[in-house]
Structures are given as C-alpha cells and as structure tokens.
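Here is the structure we will look at, set down as structure tokens.
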Amino acid sequence: MRAGWAAVVAVAATAGLVGCSQQSASPHEHDGAVTVVASTDVWGSVADAVVGDHASVTSIVNGTVADPHSFQATPADAAAITDASLVVYNGGHYDQWVQDVLANHPDVAAVDAYSLRPDPQGSANEHVFYDPATAKAVAAEIADRLAEADPDHADAYRANAATFGAGADEVLAIERAIAQAHPGAAVVATEPVAHYLLANAGITDNTPGGFTNAVEEDADPSPADLAMMLDLIEDREVSAVLFNPQTETGVTRQLREAATRAGVPVVTVTETLPEGTDYLSWQRQTAEQLAAQLDTAAKAGR
C-alpha cells in the first residue's frame, strides 16, 4: 500500500532492529515484561482492556488526525513490531505495513482481527473494528496468547477479556435496537468505514457502488456518482450522511455541506479513537449518535 515501505523494512533489518527473529513461535518476554504492540489505538484499547496492569501496550497510530490507510511507518515502528511479545493488528490489507513486517518475521506472535470476524465468508469490508463481535473475539484471542506468555496472570487476562466481551455485547444490543426502531432506514457514507455498524443496525447503505469503489481506490468519484449522492441528500431520500473527517476531501466536504443545507443529519465516524475515549465508549457513543440522528430524521418525516 505504501511506496517505499519495503525500503523501511530493509533499513530496519540492516540496522539490527529485528530483535527477536531467532526465538520460538511462542510470545516473547523481554526482561520479564510482556509487551503488546497494536497497529492503531483502536486495537491498543482492546489490548489495554485485557492486560490490565500485567503488561504494557503501545499503539503505533494514535488520534483522529492520522489516517491509518496512508500512515508512513518508520524503522523504529518495524523494530517495535518485531520486538513485541504480541502484535495486534487489523488485517484485511488495512494496515498492510504491519503484515509486511510480520511476513519477514513469522516467529512474532500476532492477532489478526480481520481473520476473527464472525462471518469470514460474508462481507470483505476491512473495517472490522466497527463490529463489536469481532472486537470481542480479538479480546479473547489476546487473553489466550498472553496466557501462554505469562501463565501467572492467565486467569486475570481471561477474566478481563470476558468483562470486555460483555461490554461489546451491550454495544451490539444498542446497534440491533436501531433496526427495531428504524426499519427500512437508509443512509449514504463518504467512506464505508462504519459498514459493520450499519449491518448490525439493519440500515441500508445507499451510497452508489461506483462512489464507494473510487473512494477505496483513493480516486475521485465520477461526476455521475457524485451527482447521484447529491441527489439522494438534497432530495432527502436518506436519513443521515456518515462522514469520516480523517479522509476529508473537497468532494466529501461538498457532501457534508449539502447535508447541512438540506437538513439531513451528519454522523461522524472515525477510524481511530477520539480523545478521551476507549474502544467501548467510542463505539457506544457512535451507535447512540446514529440512533439519535435517525430519531431526528424520523420526526422530520425522512
């Protein structure tokens, strides 16, 4: 995904930053401490919930300013990945820079969230962090892997994962309640980041396929697809617009402004944690924001 990433990996290797590449396939311990490295603060937050005070967690991509799709990793990032007891990443080519490092270091223990989605034969959308069920599965997998590295705290890891899983179930219940309250609701999205939220909430995404494909390929949508999006918004044929500020462009600003003029609610969806949130509070707030905006649209007759 990133030009020059192969060179970064090569620099890391020649600089001696590949740390534990000769150790066994089990999770590594460094000076008696278990270390977890996550590709983004989203998966770092899930790991934090599991480890408690028994391990350290470092997230490479933090905050809503950065776009994980276009992140430029450094040799130090490669070193952190190869030297970790456990790496937690999204997978599905979302954070390919992690997968590229791990491909050269198969001894590093890792959790691939994309591979743990409940329906692997279903949607191929890579934004699995918007699916609480996947996050629950990731937490359980982290606990199992850390129990191998640190058996003295195995029970604590698994208990923490169970608590996190209960919280994820609560978020999923909020999402499913939206389907009951707003059957037949439809939206459009500037990017398919919240695909799994919409699926869990039973909401139809009416974004033209050509528009979505162009966004995913980092290309400008065709005039016809843009016009179709604007028509759906300006004619109030959708109940909300989902907007990702981390990938804002002139086109997406135009859509947001059209929604504001038409009185169509805009729901903000991000790819990393807003300040002051953890995974569960972020997903709960996003689901509640979507529910509230759909309530507003319903009262307005849309």
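The values are calculated or read from the model by the stated rules, or taken from the named source; none is laboratory data. This is a predicted model, so every value here is computed, not measured. Every residue, glycine as well, gets a Cβ built from its backbone with ideal geometry; the counts of neighbours run over all protein chains shown.
Some points to look at:
- Qualifying residue in segment 236-250 (condition: outside the structural domain of D131 (by TED's automatic domain parsing), farther than 17 Å from L290 by Cα and at pLDDT 95 or above): no
- Single condition E271 does not satisfy, out of (1) buried (at least 22 other Cβ atoms within 10 Å of the Cβ); (2) among the charged types (D, E, K, R); (3) free of Cβ contacts under 8 Å to residues at least 60 places away in the same chain: (3)
- Taking the criterion of being at pLDDT below 90 and among the acidic types (D, E), the residues of segment 19-75 that qualify are E29, D31, D67.
- Some residue of segment 126-141 being touching a helix residue (DSSP H, G or I) at 6+ places or on another chain (Cβ under 7 Å) and basic (K, R): yes
- Taking the numbered list (1) in contact with a Gly (Cβ under 6 Å, 6 or more places away or on another chain); (2) assigned to a helix (DSSP H, G or I) in turn, V57 passes all entries but (2).
- For beta carbons closer than 6 Å, sequence separation of 6+ or different chains, a first residue in segment 75-101 that is closer than 27 Å to E216 by Cα and in the same structural domain as E141 (by TED's automatic domain parsing) and a second that is acidic (D, E) and buried (at least 24 other Cβ atoms within 10 Å of the Cβ), the qualifying pairs are Y89/D95.
- Hits in segment 103-119 - residues which are over 19 Å from V51 (Cβ atoms) and either aromatic (F, W, Y) or crowded, with 19+ Cβ neighbours inside 10 Å (or both): H105, Y114, R117
- So A201, is it out of contact with any strand residue (DSSP E or B) (no Cβ under 7 Å at 6 or more places or on another chain), within 15 Å of N125 (Cβ to Cβ) and at pLDDT 95 or above: yes
- Meets criteria (in contact with a strand residue (DSSP E or B) (Cβ under 8 Å, 6 or more places away or on another chain) and aliphatic (A, V, I, L, M)) for A166: no
- All conditions but one from (1) surrounded by fewer than 23 Cβ atoms within 10 Å (Cβ to Cβ); (2) outside the structural domain of S70 (by TED's automatic domain parsing); (3) hydrophobic (A, V, I, L, M, F, W, C) apply to A159; the one that does not is (2).
- Failed condition for A227, given (1) surrounded by fewer than 14 Cβ atoms within 10 Å (Cβ to Cβ); (2) modelled with pLDDT under 95: (2)
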